[in-house]
1. Out of curiosity, is ALA64 crowded, with 20+ Cβ neighbours inside 10 Å, modelled with pLDDT of 95 or more and out of contact with any helix residue (DSSP H, G or I) (no Cβ under 8 Å at 6 or more places or on another chain)?
2. Restricting the search to segment 77-127, which residues are among the aromatic types (Phe, Trp, Tyr), open to solvent by 20 Å² or more (accessible area, probe 1.4 Å) and free of Cβ contacts under 8 Å to residues at least 40 places away in the same chain?
3. Given ASP130, ASP81, which one is in contact with a Phe, Trp or Tyr (Cβ under 9 Å, 6 or more places away or on another chain), over 19 Å from HIS42 (Cβ atoms) and either modelled with pLDDT of 95 or more or not basic (Lys, Arg) (or both)?
4. Could you please find all residues in segment 1-18 being at pLDDT 95 or above, closer than 16 Å to ARG45 by Cβ and part of a loop (DSSP other than H, G, I, E, B)?
5. Can you pull out the residues in segment 11-62 that are charged (D, E, K, R) and farther than 15 Å from PHE101 by Cα?
6. Looking for whichever is without any contact (Cβ under 8 Å) to a residue 24 or more places away in the chain, in contact with a Phe, Trp or Tyr (Cβ under 8 Å, 6 or more places away or on another chain) and either assigned to a loop (DSSP other than H, G, I, E, B) or of a type in the set (Val, Ile, Thr) (or both) here; the options are VAL44, VAL147. Which one fits?
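The values are calculated or read from the model by the stated rules, or taken from the named source; none is laboratory data. Just so it is clear, the model here is predicted, and its values are computed rather than measured. Here the Cβ positions follow ideal geometry from the backbone for every residue, glycine too, while neighbour counts run over all protein chains shown. Protein only, heavy atoms only, side chains kept; ligands, DNA and RNA dropped before computing areas. Shrake-Rupley method; radii C 1.70, N 1.55, O 1.52, S 1.80 Å.
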Amino acid sequence: PVIVYDSAGRFLRSWGEDIFTNPHGIAVGPDDSVYCVDSADHTVRKFTTEGELLLTLGQEGDPARAMSGDPFRAPTHVAVDPRNSEILVSDGYGNARVHRFSPDGRLMESWGKSGTFPGHFNIVHNIAIDAAGRVYVADRDNRRIQVFDAEGNYQEQWANLSRAACVYVDTRGETLVY
């Protein structure tokens, strides 16, 4: 389940019991909606902060064909664009893609493929977006963070990282990437 604590670490509530098979990523959108990735049932779900299901992306238990480029084959993480609430999903265990969805769940575009060249992925494991819409992708087994513009065009990479599993963008004040 999702477990909610206050800022002092006191348990407030939990929700989502018996929903998730293998929860793998979580993000909070600009409207405080909670997005949860389940890599084993091949879905991304959007909830209210109280746990009411609002949207499901993907078909539960019905994965896309491996490396087909279609959503989803064991997705890994989700990020919500702070400018327009578009949903970006890293689809990395059985695919090598990033998928962009409209706020209402319509697939808009996908990019990436398996490989080591710029714009290719070898386990696209985590994703984050900054205030300008730049997309940061943790390309785990290629040991790098790849950076794309808001339209998904490759910009640069930060290489020679030790198993780049996660990336986080802090947009409070000056943008910092962890």
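1. Working: crowded, with 20+ Cβ neighbours inside 10 Å: yes; modelled with pLDDT of 95 or more: yes; out of contact with any helix residue (DSSP H, G or I) (no Cβ under 8 Å at 6 or more places or on another chain): yes.
It is true that ALA64 is crowded, with 20+ Cβ neighbours inside 10 Å, modelled with pLDDT of 95 or more and out of contact with any helix residue (DSSP H, G or I) (no Cβ under 8 Å at 6 or more places or on another chain).
2. At the first step, the residues of segment 77-127 found to be among the aromatic types (Phe, Trp, Tyr) are 93, 101, 111, 117, 121.
In the following step, the residues that additionally are open to solvent by 20 Å² or more (accessible area, probe 1.4 Å) were identified as 93, 111, 117.
Within segment 77-127, just PHE117 meets the criteria.
3. Numbers: ASP81 fails: in contact with a Phe, Trp or Tyr (Cβ under 9 Å, 6 or more places away or on another chain).
From the options ASP130, ASP81, the qualifying one is ASP130.
4. none
5. Quick first cut of segment 11-62, residues charged (D, E, K, R) only: 13, 17-18, 31-32, 38, 41, 45-46, 50, 52, 60, 62.
Those that are charged (D, E, K, R) and farther than 15 Å from PHE101 by Cα: ARG13, GLU17, ASP18, ASP31, ASP32, ASP38, ASP41, GLU50, GLU52, GLU60, ASP62.
6. Details: VAL44 fails: without any contact (Cβ under 8 Å) to a residue 24 or more places away in the chain.
Matching residue, one of VAL44, VAL147: VAL147.
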